[in-house]
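S.K.: Supplied in structure tokens, the structure appears directly below.
Taken together, the values in this text are just the output of simple stated rules run on the coordinates, not laboratory data. Owing to the predicted nature of the structure, the values given are computational and were not obtained by experimental measurement. Cβ placement follows ideal geometry from the backbone for every residue including glycine, while neighbour counts extend to all protein chains displayed.
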Amino acid sequence: MKILVVDDETDVKALFEQRFRREIRNGDISFAFAHSGEAALEVLQDHVSEFVLILSDINMPGMSGLELLRRIRSTYPVAPPKVMMLTAYGDDENYNQAMQYGANDFLTKPLDFSLLKEKLKQTL
């Protein structure tokens, strides 16, 4: 399973690689990282069929995660099949907008990696 993580925080890559060390080593999961919505669209342009899941922060400078989600769903209506949104603000407005734009799930920060792993098992 290949996952694209979109987040402007620079420590996200190290955090995911640490929390998913066993799954990465076993070849169950691989990650690609983009630090902006714009960078994520560039990655998807050439590799959209490779990703099973996109995990995107909502609040980023430049293109927000909600705008990224809207662009993904309008450009790639079939793939990737799952998009999960992450936010430090679990407010109804962000949730409702994410669902309206076609998000499959909505998680709050700080990220509960046990919950994320359970959700990923359901995706496999």
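S.K.: State to the nearest 20 debye the size of the charge dipole of region 36-79 about its Cα centre, where the only charges are +1 on K and R beta carbons and -1 on D and E beta carbons. Display every interim value, and only then the final one.
M.R.: Details: 3 positive and 6 negative charges, 46 e Å.
Using Cβ point charges on Lys, Arg, Asp and Glu, region 36-79 gives about 220 debye.
S.K.: Please give the charge dipole size of the chain, origin at the Cα centre, charges +1 on K and R Cβ atoms and -1 on D and E Cβ atoms. Round to the nearest 20 debye. Present the calculation step by step, with values, prior to reporting the outcome.
M.R.: Numbers: 14 positive and 19 negative charges, 109 e Å.
Charge dipole of the chain: 520 debye, to the nearest 20.
S.K.: Let me ask something else about it. Mind listing the long-range amide H neighbours of PHE106? Cut-off is under 5 Å, sequence gap 5 or more, other chains count too, H placed in the peptide plane at 1.01 Å from N.
M.R.: Those qualifying (amide H under 5 Å, at least 5 residues apart or on another chain) are MET85.
S.K.: Under the rule a/c < 1.5 gives rounded, and otherwise a/b versus b/c splits prolate from oblate, where does region 51-124 land using the Cα gyration tensor? Spell out each step's value before the answer.
M.R.: Working: a/c = 1.76, a/b = 1.07, b/c = 1.66.
Oblate, since a/c reaches 1.5 and b/c is not below a/b.
S.K.: Gap in Å between the Cα centre of region 11-50 and the Cα centre of region 73-124?
M.R.: When both Cα centres are located, 15 Å separates them.
S.K.: Then there is this: Indicate the gyration tensor shape class of region 2-123 (rounded, prolate or oblate), computed on the Cα atoms with a ≥ b ≥ c the square roots of the eigenvalues: a/c under 1.5 is rounded; otherwise a/b larger than b/c is prolate and the rest oblate.
M.R.: Numbers: a/c = 1.43, a/b = 1.21, b/c = 1.18.
Judged from the Cα gyration tensor, region 2-123 comes out rounded (a/c under 1.5).
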